[in-house]
Every structure is written in structure tokens, then in C-alpha cells.
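Q: This is the structure I want to talk about, given as C-alpha cells.
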Amino acid sequence: QLDFYGPHAADNAQALATLFRSEFSVQLFRQTGGLISPLYCSDPLNTTFVNGQQQYEPRRTLDIQMQINPVVTTPLMFFDNVITRTTEADNANPTQ
């Protein structure tokens, strides 16, 4: 959720909503590593409220959703050298 306050709250919220829904935001997030992708942005909501001084405080709210594409790297144990040897089996007594 993003909140915008002040006399330009409506204009700023609308501008960001427009940018978030465009190819611009996709490219911007991709340039920062591509770990986040924009998915959805609501229309700006009028959430004006009365502040502590009993004055109306202009506010607009955007609900945005993004997808996180984490890349996880973990160490992997492996071997690349094997030493083998053969041992003759004694088949005369199968119980041993």
C-alpha cells in the first residue's frame, strides 16, 4: 500500500499508478536486478482524513501487488575423483 499526502496527493497517486501499469515499471524493476516484477495497481482511493489539528488531510492510497522472484544459491557437496579397487570374493563359504 502506498499513501500520498498533501495538496498534490491525487495527482501524484495517479501519476504513479499510470507509471506502475506501464512498460516503464517493468523495465525499471528489471534494471534493478529483476528480482521484483510489478503485477497489479489499484485506482487511487480517496482516503482523506481528519488530522490531530481537526483539519482535513488530503490523502490518496494505491494498493499495489508485486511478485518476488528470489534466486537462492546454496553450496553443493560433490566429488570428482574416485579411487576404486577390487577384492577377490571367496565363494566357497557363503555364510561368511
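The numbers here are math on the coordinates, done by the rules we state, and not lab data. All of these numbers come straight from a predicted model, not from anything done at the bench. Heads up, the Cβs are rebuilt from the backbone with ideal geometry, glycines too, and the neighbour counts pull from every protein chain shown.
Q: Projecting each Cα onto the charge dipole of the chain (Lys/Arg +1, Asp/Glu -1 at the beta carbon, about the Cα centre), which of LEU2, TYR56, SER42 comes out farthest on the positive side?
A: Final value for the positive-end residue is TYR56.
Q: Let me ask you something else. Using the beta-carbon distance between GLN54 and ALA10 and R0 = 22 Å, what value does 1/(1 + (r/R0)^6) give for FRET efficiency, to the nearest 0.05?
A: On the way: r = 22 Å, r/R0 = 1.00.
With a Förster radius of 22 Å, E is 0.50.
Q: Could you check which residue among PHE78, PHE20, PHE49 shows the biggest mean-square fluctuation in a GNM of the chain with a 10 Å Cα cutoff?
A: Answer for the Gaussian network model of the chain: PHE78.
Q: Evaluate the charge dipole of the chain about its Cα centre and quote only its size in Debye, nearest 20, assuming +1 on the Cβ of each Lys and Arg and -1 on the Cβ of each Asp and Glu.
A: On the way: 5 positive and 9 negative charges, 53 e Å.
I would put it at about 260 debye.
Q: Which residue fluctuates the most in the chain, going by a Gaussian network model with Cα springs under 10 Å, if the choices are ASN12, ASN51, ASN81?
A: ASN81
Q: Top mean-square fluctuation among THR86, THR61, THR47, Gaussian network model of the chain, C-alpha springs under 10 Å?
A: THR86
Q: Taking only DSSP H segments of four or more residues, each worth -39500 (n - 2.57), what value at 222 nm results for the chain once the sum is divided by all its residues, to the nearest 500 deg cm²/dmol?
A: Result for the chain, helices only: -6500 deg cm²/dmol.
Q: What angle, in degrees between 0 and 90 and rounded to the nearest 10, separates the Cα long axis of helix 9-20 from the longest principal axis of the Cα atoms of the chain?
A: That helix lies at roughly 30 degrees to the long axis.
Q: Subtract the Cα-Cα distance of ILE68 and THR86 from 0.36 nm times their separation in residues, and report this length gain in nm to one decimal.
A: Additional length available on full extension: 1.2 nm.
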